[in-house]
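The values are calculated or read from the model by the stated rules, or taken from the named source; none is laboratory data. Every value quoted in this text rests on a predicted model; they were computed, and no experiment measured them. Cβ coordinates were reconstructed from backbone atoms using ideal geometry, including for glycine residues, and neighbour counts include every protein chain displayed.
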Amino acid sequence: MTAVSITELGTRVGGSRTPSAFARIWRIVRLHYANRVSTIIAPLGAAAAIFAVYLIVQAIVVHEVGPSAKHGEQYSTSLVYFLPYQVVFAVQAMNLTFPFALGMSSTRRDFSLGTWLVFVIQSAFFSVLFTVLSYLEQWTHGWGLGAQIFQTFIYGRGEVGQRLLTFFAGILLFQCIGSVFGAAFVRWRANGLMVLSCTVMVLALGAAVLITFTNSWAAVGRWFVSVGPSGFAAWLLLPAAVFAVIGHLALRRATPKS
Amino acid sequence: MTSLTPAIEVRDLTKRFGAMTALDSVSLTIPTDSITGLLGRNGAGKTTLMHVLTGQDFPTAGEARVFGQTPAENAAVLQHISFIKESQRYPDDFKPKHVFRTAPWFFENWDADFADQLVEDFRLPTGRRIKKLSRGQLSAVGVIVGLASRAPLTFFDEPYLGLDAVARQIFYDRLLADYAEFPRTIVLSTHLIDEVANLLEHVIVIDQGRIVLDAPADELRGRAASIAGSKADVDAFVARHRLEVLKRDELGGAASLLVDGVDEVVRADALNSGLQLTPVSLQQLIVRRTGGALSGSDADSADHAQGSAARRGRSARATEGASR
């Protein structure tokens, strides 16, 4: 007994073909952006809030201590708070849209790849935005307050390419980490997050213990110096890719929970 | 009716969730371009079956084929499927208009005018956040997507929770009218059996993960009847025709039996024997076949073990639902 073949069906319903892989992935990207609040407004709001809080604190410091305080702020970590938010962003994006995408008869594969493409787009957008702001900050002498939000060491202060790469790799890495947590949550709910968090903690501690016991901290420091800021940023793309693959594989067998 | 081969073929399909068996070696066929009722009690396995058929879940064993292929992760099959379920989740800040704007990206036959008309029919506020919609309005969102997507294979899983009688009638009317114009395969799961009885061309009844009925609706409608008369006459009649007794009521010397397996011969004989034979509704038949049957009549010990496992699974799922 042979069933209606797909091609036969296609001609019956109006000469339809399966959309190309890219078309199927791109509609997932559009789906994420259909809800502007969580993909555009909230991330911009988070960045703006961090920016505002830092400026206010800097204004207070300048007012109290005078402009000399800026030397103590050289290694400001203010924008670092934007990174953990990327994990939240990624988990939300996956958790909120996965059941709906499957309800729209999307495959997990297309959803995963489309979501990953959203991460790349987000990272690229914010890396351009932050790079522009870093130059504005330079030209305005730290927004008139001697503030260094977008040009501290960790985010890059070099030429334009280095700044773009550093912002891009940093944000993408945390979104890819978020995709692992997101996939774990979608597939195993709270239990998945708990087990995953413990695993991450054990691995991080294990690495620290290993480095300490082998007296390798100096070597680690030398490595940071030798690869330089751009090299370090480029290296971040490697773990980002690893996390993206783990997240993708975990999502392939997930089922929408109600 | 066309002579197309089946849209859905399921063979020995089993789905387990831990110790709970949701589907127990299910085999069935659903013809192309038909409206099939998938009926059964809560937790019978209807939703699980639809989840496997729409690729939302993976079978533990056996085979499910949709348009001749395995549906899971198969974009070529899934693009022809629209699955509307009561428990569908939407992105947090979505409004109905977002749903209707995104749906055409996924369903190539989407008819925006039809969707607009349905929005008016159901008086759905499209600019309100989905979280703020009433249960009935939420159901209307699903019903509209299911109808306007015009997918060659459309599943409605309890599509009208909270919809009032008028809205349900609108759904039946629009479904039937659109189906006549654009024939497709529709699988409808519901508890309101009598309401949809006239819509259905094929009926599949599932209970505790097993298929207990699978037949054309016309055949089922005449199949069950109640026979009333003197106890001796009725018993002799039932024995003569080897009818299956689903329910038995006695009062003094009189008996009224609900039986399955009535055909023309039986009907004619009842007339000659002076027994009163009245057809019963599809709902009556199904209620009696799924839990309302004479206890212990045809249930072996395996059935009992199966049943308690299914019940455990159900209560686990209920707890999960409550904690949500």
(Q) Let me spell it out: the conditions are (1) surrounded by 24 or more Cβ atoms within 10 Å (Cβ to Cβ); (2) within 10 Å of chain A (Cβ to nearest Cβ); (3) under 27 Å from B:Met20 (Cβ atoms), and B:Phe58 meets all of them except one. Which number is the exception? (A) (1)
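Okay, residues lined up against (1) touching a strand residue (DSSP E or B) at 6+ places or on another chain (Cβ under 6 Å); (2) at pLDDT 95 or above; (3) surrounded by fewer than 22 Cβ atoms within 10 Å (Cβ to Cβ); (4) more than 14 Å from chain B (Cβ to nearest Cβ):
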| site | (1), (2), (3), (4) |
| --- | --- |
| A:Gly72 | no, no, yes, yes |
| A:Thr77 | no, no, yes, yes |
| A:Phe89 | no, no, no, no |
| A:Ser106 | no, yes, no, no |
| A:Ser134 | no, no, no, yes |
| A:Glu137 | no, no, yes, yes |
| A:Gly144 | no, no, yes, yes |
| A:Tyr155 | no, no, no, yes |
Q. If you check B:Ile206, B:Ile193, which single one turns out to be of a type in the set (A, V, I, L, M, F, W, C) and under 29 Å from B:Gln79 (Cβ atoms)?
A. B:Ile206
Q.
Residue under question is B:Phe94, and the condition is that it be at pLDDT 95 or above, under 30 Å from B:Arg123 (Cβ atoms), outside any helix (DSSP H, G or I) and in contact with a Phe, Trp or Tyr (Cβ under 9 Å, 6 or more places away or on another chain); does it hold?
A. no
Q. Regarding A:Ala169, is this residue of a type in the set (A, V, I, L, M, F, W, C), in contact with a His (Cβ under 8 Å, 6 or more places away or on another chain) and touching a residue at least 24 places away in the same chain (Cβ under 8 Å)?
A. no
Q: Filter segment A:192-222 for residues that are surrounded by 11 or more Cβ atoms within 10 Å (Cβ to Cβ), part of a helix (DSSP H, G or I) and of a type in the set (S, T, N, Q) and give the result.
A: A:Ser197, A:Thr199
**Q.** Positions within segment B:86-100 being farther than 15 Å from B:Ser134 by Cα, surrounded by 23 or more Cβ atoms within 10 Å (Cβ to Cβ) and touching a residue at least 40 places away in the same chain (Cβ under 8 Å), in sequence order
**A.** B:Val99
Q: Give the residue, chosen from B:Gly142, B:Gly162, B:Gly146, B:Gly136, that is part of a loop (DSSP other than H, G, I, E, B), under 30 Å from A:His32 (Cα atoms) and not aromatic (Phe, Trp, Tyr).
A: B:Gly162
Q | Scan of segment B:204-255 for residues that are touching a Lys or Arg at 6+ places or on another chain (Cβ under 7 Å) and among the basic types (Lys, Arg), ordered by number | A | B:Lys247
Q: Tell me which residues, restricted to segment B:40-54, are surrounded by 21 or more Cβ atoms within 10 Å (Cβ to Cβ) and farther than 16 Å from B:Arg11 by Cα.
A: B:Gly40, B:Ala44, B:Thr47
(Q) I need the full set of residues from segment B:99-124 which are more than 14 Å from chain A (Cβ to nearest Cβ), under 26 Å from the mean Cα position of the chain (by Cα) and part of a helix (DSSP H, G or I), in order please. (A) B:Phe114, B:Ala115, B:Leu118, B:Val119, B:Asp121
Q) How many of the residues making up segment A:19-34 are crowded, with 17+ Cβ neighbours inside 10 Å and either more than 13 Å from chain B (Cβ to nearest Cβ) or free of Cβ contacts under 8 Å to residues at least 24 places away in the same chain (or both)? A) 2
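Residue-by-condition table, conditions (1) touching a residue at least 12 places away in the same chain (Cβ under 8 Å); (2) farther than 30 Å from B:Arg288 by Cβ:
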residue	(1), (2)
B:Thr36	yes, no
B:Val52	yes, no
B:Phe58	yes, yes
B:Ala61	yes, yes
B:Arg65	yes, yes
B:Pro71	yes, yes
B:Ala76	no, yes
**Q.** Exclusive hit being buried (at least 20 other Cβ atoms within 10 Å of the Cβ), more than 12 Å from the chain's Cα centre (by Cα) and at the interface with another protein chain (Cβ under 9 Å from one of its Cβ atoms), set A:Phe130, A:Phe100
**A.** A:Phe100
(Q) For segment A:234-251, which positions are within 14 Å of another protein chain (Cβ to nearest Cβ) and surrounded by 16 or more Cβ atoms within 10 Å (Cβ to Cβ)? (A) A:His248, A:Leu251
Q. Among the residues of segment B:61-91 satisfying the criterion of being within 17 Å of B:Ser139 (Cα to Cα) and part of a loop (DSSP other than H, G, I, E, B), which is farthest from the other protein chains (Cβ to nearest Cβ)?
A. B:Glu86
Q: Output the residue which, of all residues in segment B:35-49 that are in a helix (DSSP H, G or I) and over 10 Å from the mean Cα position of the chain (by Cα), is farthest from B:Ala217 (Cα to Cα).
A: B:Thr48
